[in-house]
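Down below is the structure, laid out as structure tokens.
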Amino acid sequence: MNESTGIQEGLQLPFRELEADAIRVIGRSLKDKPKARKLWELLSLDGEAQSNWRMANFVAITKLGMNDHGETHAKIATASALTMLDLLLEAGHSPDIVRSGFGDIDDATLVITAATLCHDFGNLIHRKAHEDLSVILAMPVLDRLLPKIYLGNSIRSQIRSFILSAIYSHHGDPPPLTMEAGLVCVGDSLDMTKGRGRQAFASGSITIHTVSALAVDKVVIRRGKKKPIELRIQLSNSAGIFQVQEILAPKVRSSPLSELVEVTAITTPGEQEERIVQGIHMAGSKFLPFQDNDQEG
């Protein structure tokens with residue numbers, strides 16, 4: 001145990017490894033989508049985007065005692081959103097941009113990638129109304145980069161509209177209006193493993209938010225048995241249920257993904273922890289007790 005923080009050293013996970021894994025997932029999802037892949041490459045190397053991530057992190061961690069809201073968080077959230085998109089496409093569900101005739105799968109993937117990478121820019125100013133601020137700060141970046149992919153003003157404006165809508169609703173209030181926005185919203189909330197929640201706790205911010213975040217061992221995104229997507233949250237302590245019920249579930253319910261996503265949380269306590277409940281499963285507006293008979297994942 002670290003005497004200065006009171007935190008078990010084993011709680012620290014390698015952030016670089018988590019980010020590297022997210023980059024691999026993103027690369028796999030974008031390999032056959034040239035427009036989305038080019039946007040990802042442009043944003044990853046963009047000096048203004050990098051500064052926005054850096055300053056958002058500075059405010060979130062140093063000034064507000066929150067978890068990482070910078071580049072690593074943006075990439076992990078993007079990997080989650082794209083993984084869910086791939087599962088929906090596998091199951092035959094089309095994104096709104098395709099169904100409405102404004103673009104193809106590549107365009108929808110670009111929208112999700114851009115919106116998730118830029119969704120937290122506003123934190124560099126303040127947490128309050130950061131969704132509105134993120135829209136404002138993302139616009140000059142998008143206006144500079146999108147012309148390198150889309151030549152026509154009309155298509156650029158349409159694509160940007162989808163991106164800004166997803167950024168604006170990424171917190172779930174107001175509710176996301178499109179499948180793309182829903183994926184950004186839910187993907188944002190899946191960056192919750194205990195190593196990621198360690199920074200705020202280590203800085204002295206001891207609340208139900210920070211303690212419950214330390215109880216989340218793993219987030220698994222996979223094909224569901226009854227729905228296209230299952231989000232399976234593995235917990236080391238029942239306190240982690242707070243993260244599922246209060247952070248993740250409201251975003252799922254408020255989005256167009258509400259009928260397409262299963263949410264299950266399983267508690268597997270260590271030797272020194274007493275398990276209060278084995279697990280919970282989201283059923284509409286309620287959570288029901290869940291007995292884990294599936295060891296996959």
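Table for the structure above
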{"read-out": "Sequence-distant residues sharing a close amide H with Glu230 (under 5 Å, placed H)", "value": "Arg222, Arg223, Gly224, Glu262"}
{"read-out": "15 Å reach of a label modelled at Leu45, 7 Å along Cα-to-Cβ, counting backbone N of the range 144-158", "value": "145-146, 148-149"}
{"read-out": "Contour minus Cα-Cα distance for Leu177 and Thr268 (0.36 nm per residue)", "value": "29.2 nm"}
{"read-out": "Difference of contour (0.36 nm per residue) and Cα-Cα distance, Arg253 to Arg54", "value": "68.5 nm"}
{"read-out": "Inter-part distance where the range 89-139 and the range 217-251 are each reduced to a Cα centre, Å", "value": "22"}
{"read-out": "Subset of Lys218/Lys286; Lys35/Lys227; Lys63/Lys218; Lys227/Lys251 violating a 19 Å alpha-carbon distance limit", "value": "Lys218/Lys286; Lys35/Lys227; Lys63/Lys218"}
{"read-out": "Hits among lysines - C-alpha to C-alpha of Lys31 under 20 Å, sequence gap 8 or more where chains match", "value": "Lys75, Lys148"}
{"read-out": "Two-site label geometry, Arg24 and Glu246: point separation in nm, points 7 Å out along Cα→Cβ", "value": "3.4"}
{"read-out": "Neighbourhood charge, 13 Å Cβ-Cβ cut-off, centred on Gly47 and excluding it, Lys, Arg +1 and Asp, Glu -1", "value": "-1"}
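Bear in mind these aren't lab numbers, they're just calculated from the coordinates by the rules spelled out. What you are looking at is a predicted structure, and each value in this text was computed from that prediction instead of being measured. Cβ atoms come from the backbone with ideal geometry, glycine included; neighbour counts cover every protein chain shown.
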